[in-house]
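The values are calculated or read from the model by the stated rules, or taken from the named source; none is laboratory data. This is a predicted model, so every value here is computed, not measured. Virtual Cβ from ideal backbone geometry, glycine too; neighbours counted across all protein chains shown.
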Amino acid sequence: MDRKESIEAFATHVSKWKAAFFRKYGMDFVMGSRGGTRLSDLDGRKELINLHSNGGVFNLGHRNPAIISVMKKSLDELDIGNHHLMSAERAALAKALAATLPKGLGKTVFGVGGGEAIDVAIKLARAYTRRAKIVSFVGAYHGHTGYALATGDDKYRAPFGPRPGGFVQVSHHDLAALEEAVDADTAAVIMETVPATLGMPIPTTAFMEGAAALCRKRGALLVMDEVQTGLGRTGRFWGFEHFGIVPDIVVTGKGLSGGIYPISATMFRDELEEVFHEDPFIHISTFGGSELGCRVAMEVLRISQEPAFLAHVRSLSDAFAQRVGELAGRSHGYLKGLRRLGLMMGLEFGDEDDGPLMTRTSYDAGLLMIYANNDKRILQCLPPLVMEEGELDEVFGRLEAAIGKARLLKPGLALAAMAAGVFGKKGK
Ligand SMILES: Cc1ncc(COP(=O)(O)O)c(C=O)c1O
């Protein structure tokens, strides 16, 4: 199918509303060839530098040659495997994951996607503590599956019926609110180490230490959602390492796939395995921890743990910070700053129109960047971790063009309202 046929078929058989949104928004891009930090439209008319990386799926770039080579070799030997049986591949990956974590976090349940892995974390916490309450943060995002959805904001959840019992949200990074919410019936506090959909507000060490201490004191488990922040994104292997805390449960997904084969994992403290004592088959997933995915994930871990890899992430982050500072100075106050923990970054603008507007003008200038849905002043900036510093001249040339165009278009423009019109009742 060519580009035009693909768009028509997408609108007819996948989603006419998404197709309409992208048409109105002026981003009728259909992903074609891809490699490294770049992707092209199906007809080759447009090339984008990926500064979103699907929230970390493309940490190692598109079609990383080492990952492809492992996948090809594995296809000669393996398949998905059998989730009812024991597996050398799942055993090896679980052992490798345990080696990346603080002592005592030695067990893994595998899944297919991040939401599923979050559901497992919540099931584990409830079953282990025999408590019901799950505390999450307003504006956080943990996925669209059952329990993950229940931790999230009303706008994603409300059309699908009442929130299941026991789920409570408090305002983010607010220790006093957490103190009030976490009680003797609380099974877990769940948080993203840096909340991406909320626009990358970076927590303080005092907050993280306070939250961890509070959980310990009240007997609740601390679940860190490292779906975006894990695997080197922040310049440490796990984002929580920055804050000197040790969670009880850690969730990873996205980048674990190498961008090639879906896999996610819920890692947890050894004692929690007691939950499966009576019936080890009480939680299963047909494709969770598929053997092909395990091989790919092993290669992801090998690459991301090389000593030079994390050093590169930190130095690229510093280079971004310096250039964003310079660009902000030239932007007449339009670009206000940078939130960052390693390459977990958010560009700050002044108001809620700016994120959607910058997403569009960045696209026009040849950058794939997406605004933070729960704080539209922020443009998420998540380059592949393998981006070379040599690419930054081009990246920042395009970003400067995008900012220039946004400043020109901004007066009188209401792209955010337009987007709401596509999705909202008025547009139907
Ligand atoms: C922090 C975080 N947790 C969980 C998820 C859910 O992952 P998935 O879409 O693979 O179910 C996402 C997805 O964007 C995420 O960003």
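Taken over segment 225-239, residues that are surrounded by fewer than 21 Cβ atoms within 10 Å (Cβ to Cβ) and either near the ligand (Cβ under 10 Å from one of its atoms) or among the basic types (Lys, Arg) (or both) amount to 1.
Scanning segment 387-396 for residues that are part of a helix (DSSP H, G or I) and either touching a residue at least 24 places away in the same chain (Cβ under 8 Å) or within 16 Å of the chain's Cα centre (by Cα) (or both) gives 389, 391, 392, 394, 395, 396.
Selection of first residues in segment 100-124 that are farther than 14 Å from residue 221 by Cα and of a type in the set (A, V, I, L, M) and of second residues that are in a helix (DSSP H, G or I) and more than 9 Å from the ligand (Cβ to nearest atom), restricted to Cβ pairs under 8 Å at least 6 apart or on distinct chains, gives the following pairs, ordered by first then second residue: 109/120; 109/124. Annotation note: of 382, 347, 310, 341, the sole residue that is surrounded by 22 or more Cβ atoms within 10 Å (Cβ to Cβ) and over 22 Å from residue 34 (Cβ atoms) is 347. Kindly provide the set of residues from segment 124-141 that are out of contact with any helix residue (DSSP H, G or I) (no Cβ under 9 Å at 6 or more places or on another chain) and in a loop (DSSP other than H, G, I, E, B), ordered by number. Within segment 124-141, 130, 138, 139, 140 meet the criteria. Kindly indicate whether any position in segment 152-162 is under 14 Å from residue 197 (Cβ atoms), within 16 Å of the ligand (Cβ to nearest atom), at pLDDT 90 or above and in contact with a Ser or Thr (Cβ under 8 Å, 6 or more places away or on another chain). Checked against the condition, which is being under 14 Å from residue 197 (Cβ atoms), within 16 Å of the ligand (Cβ to nearest atom), at pLDDT 90 or above and in contact with a Ser or Thr (Cβ under 8 Å, 6 or more places away or on another chain), segment 152-162 yields at least one hit.
A count restricted to segment 20-54 and to residues that are modelled with pLDDT under 95 and among the β-branched types (Val, Ile, Thr) stands at 0. Looking across segment 91-123, the residues that are assigned to a helix (DSSP H, G or I) and within 16 Å of the ligand (Cβ to nearest atom) come down to 114, 115, 116, 117, 118, 119, 120, 121, 122, 123. Going by the conditions given, is residue 185 away from the ligand (no atom under 16 Å from the Cβ), surrounded by 18 or more Cβ atoms within 10 Å (Cβ to Cβ), in contact (Cβ under 8 Å) with a residue 24 or more places away in the chain and more than 18 Å from the chain's Cα centre (by Cα)? Taking the combined requirement at face value, the residue does not satisfy it. Residue check: residue 144 meets all listed conditions (1) in a loop (DSSP other than H, G, I, E, B); (2) more than 15 Å from the ligand (Cβ to nearest atom); (3) without any contact (Cβ under 8 Å) to a residue 40 or more places away in the chain but one, namely (2).
Counting only helices (runs of 4 or more DSSP H) wholly contained in segment 288-386, the ones carrying 1 or more residues that are farther than 30 Å from residue 82 by Cα and of a type in the set (D, E, K, R) occupy 307-330, 354-365. Selection of first residues in segment 45-59 that are over 20 Å from residue 258 (Cβ atoms) and of second residues that are among the aromatic types (Phe, Trp, Tyr), restricted to Cβ pairs under 9 Å at least 6 apart or on distinct chains, gives the following pairs, ordered by first then second residue: 46/29; 46/363; 48/29; 48/363.
Residue-by-condition table, conditions (1) over 27 Å from residue 381 (Cα atoms); (2) in contact with a helix residue (DSSP H, G or I) (Cβ under 6 Å, 6 or more places away or on another chain); (3) more than 16 Å from the ligand (Cβ to nearest atom):
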| residue | (1), (2), (3) |
| --- | --- |
| 172 | no, no, no |
| 181 | yes, no, yes |
| 192 | no, no, no |
| 204 | no, no, yes |
| 220 | yes, no, yes |
| 223 | no, yes, no |
| 251 | no, yes, no |
| 254 | no, yes, no |
| 264 | no, yes, no |
